[in-house]
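Engineer: Structure incoming, see below.
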Amino acid sequence: MIKVTELKKEYKTGKETVQVLKGVDFSVEEGEFVCIIGPSGSGKTTLLHLLGGLDTPTSGSIKLDGVDIALKSEKERTLIRRKDIGLIFQNYQLLPTLTIYENIVFPLHADGKKVPPGKVEELLAAVDLVGYEKRFPNELSGGQQQRVAIARALIHEPSILLADEPTGNLDRQRSSDTLDLLANFHLERKQTIVMVTHDMFAAGYADRIVLFKDGLIEAEVTREDEDYAKFLSRFLA
Ligand SMILES: Nc1ncnc2c1ncn2[C@@H]1O[C@H](COP(=O)(O)OP(=O)(O)OP(=O)(O)O)[C@@H](O)[C@H]1O
Ligand SMILES: [Mg+2]
């Protein structure tokens with residue numbers, strides 16, 4: 001479903017060139033829940049933005065169902081994103097002047113599509129926000145806003161959900177509620193999820209954990225691996 005090959009990304013600031021991704025090979029199967037962990041500045045958000053077509057790499061390919069989005073124009077990438085990708089950002093990025101309902105349906109409206117009957121109600125129930133549709137984002141708690149962001153990311157039934165630190169601003173109870181919600185979408189609807197996190201508790205929800213370091217994948221482990229528990233405890237310690 002996702003196949004990234006020899007992915008490199010550098011940023012130029014003034015005279016300096018910073019190599020952020022140094023040749024990443026990474027793939028995700030359909031229906032997989034993959035978590036990316038790693039130190040601050042190791043390139044996790046950069047990779048997620050490239051997967052979402054928000055930016056283009058310096059070199060390498062990013063194939064989504066066989067289509068290399070690295071070769072597409074910004075306009076084409078936007079169309080692909082609107083159709084196939086759901087994005088959840090760390091700081092929610094809800095639109096403050098729109099109601100919860102309007103925020104959730106925004107991706108469909110932006111794409112000139114109609115809202116399928118019952119879809120918003122179904123998502124509101126899934127994220128436990130029935131009755132909140134007329135409120136504005138600033139009338140919701142952080143955890144509730146994050147759940148709106150999840151509903152918005154899923155309204156167009158994307159084949160891939162990309163989540164950057166979805167529990168970054170939440171306390172432990174709210175985090176586990178949000179993670180349970182993502183895990184449910186994964187288990188019940190076979191939603192493919194790539195999630196970036198600092199939090200090993202969050203990473204424990206994934207089928208596979210990929211450790212990023214200094215612009216490269218340093219290690220990965222799947223739930224079936226013998227050393228899964230050892231891998232987790234190494235980072236929990
Ligand atoms: N637009 C940019 N211009 C220049 N450098 C950038 C830009 N975006 C990111 N960087 C640099 O790229 C590196 C990786 O950033 P990135 O946001 O991918 O890290 P991260 O792993 O997500 O970190 P964190 O865990 O803190 O979110 C950092 O050193 C950052 O300063
Ligand atoms: Mg980041």
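Engineer: Any idea of the accessible area per residue across segment 1-56, 1.4 Å probe, to the nearest Å²?
Structural biologist: Accessible area per residue, segment 1-56: 46 Å².
Engineer: Once every DSSP H run of n ≥ 4 in the chain is given -39500 (n - 2.57) and the sum is divided by its residues, what mean residue ellipticity at 222 nm do you get, rounded to the nearest 500 deg cm²/dmol?
Structural biologist: Details: 8 runs with 82 residues, N = 237.
Dividing the helical sum by the residues of the chain leaves -10000 deg cm²/dmol.
Engineer: Students often check this: by mean Cβ neighbours within 10 Å, which of 161-168, 4-11, 114-121 ranks highest, and how do the rest follow?
Structural biologist: 161-168, 4-11, 114-121
Engineer: Roll a 1.4 angstrom probe over the protein heavy atoms and tell me the percent of accessible area of the chain that is carbon or sulfur.
Structural biologist: Details: 5840 of 11710 Å².
Looking at the chain in its full context, I get 50 percent from C and S.
Engineer: Determine the relative contact order of the chain: mean sequence separation of Cα pairs under 8 Å and six or more apart, normalised by residue count, in whole percent. Write out the running numbers ahead of the final one.
Structural biologist: Details: 431 pairs, mean separation 65.0, N = 237.
Across the chain, relative contact order equals 27 percent.
Engineer: Let me know the volume per residue of the alpha-carbon convex hull for the chain, in Å³.
Structural biologist: Cα-based convex hull of the chain, divided per residue, equals 136 Å³.
Engineer: Can you give the relative contact order of segment 146-237 as a percent, counting alpha carbon pairs under 8 Å and 6+ residues apart?
Structural biologist: Here the relative contact order equals 23 percent.
Engineer: Rounded, prolate or oblate for segment 128-205? Axes are the square roots of the Cα gyration tensor eigenvalues, ordered a ≥ b ≥ c, and the cut-off for rounded is a/c under 1.5.
Structural biologist: It is oblate, given that a/c is not under 1.5 and a/b is not larger than b/c.
Engineer: What accessible area per residue comes out for segment 87-180, rounded to a whole number of Å², with a 1.4 Å probe?
Structural biologist: 46
Engineer: Here is a follow-up. Is segment 40-172 best put as rounded, prolate or oblate by its Cα gyration tensor, with a ≥ b ≥ c the root eigenvalues, rounded for a/c under 1.5, and otherwise prolate when a/b is larger than b/c, oblate when not?
Structural biologist: Working: a/c = 2.38, a/b = 1.47, b/c = 1.62.
It comes out oblate by the Cα gyration axes.
Engineer: Given segment 65-207, what count of lysine pairs have C-alpha atoms under 25 Å apart, with each pair 8 or more places apart or on different chains?
Structural biologist: Lysine pairs meeting the criterion: 15.
Engineer: What does DSSP give for the chain in terms of the percent of beta bridges that are antiparallel, rounded to the nearest 5?
Structural biologist: Expressed as a percentage, antiparallel bridges in the chain total about 60.
Engineer: Can you list residues from other chains, or at least 5 along the same chain, whose modelled amide H is less than 5 Å from the amide H of Ile217?
Structural biologist: Residues meeting the criterion, in which the H sits 1.01 Å from N, are Asp25.
Engineer: Going by amide H atoms built from the backbone, whose H comes under 5 Å of the H on Leu161, apart from near neighbours?
Structural biologist: Gly86, Thr192, Ile193, Val194
Engineer: In a solvent-free Debye calculation with one equal scatterer on each Cα, what is log10 I(q)/I(0) for segment 103-237 at q = 0.21 Å⁻¹, listed in the order of the q values?
Structural biologist: -1.31
The values are calculated or read from the model by the stated rules, or taken from the named source; none is laboratory data. Keep in mind that this is a model prediction, so the values were computed, not measured. Glycine gets a Cβ as well: all are built from the backbone with ideal geometry, and neighbour counts include every protein chain shown. Each accessible area value is taken on the protein alone, full model and side chains, heavy atoms only, with ligands, DNA and RNA left out. Shrake-Rupley method; radii C 1.70, N 1.55, O 1.52, S 1.80 Å.
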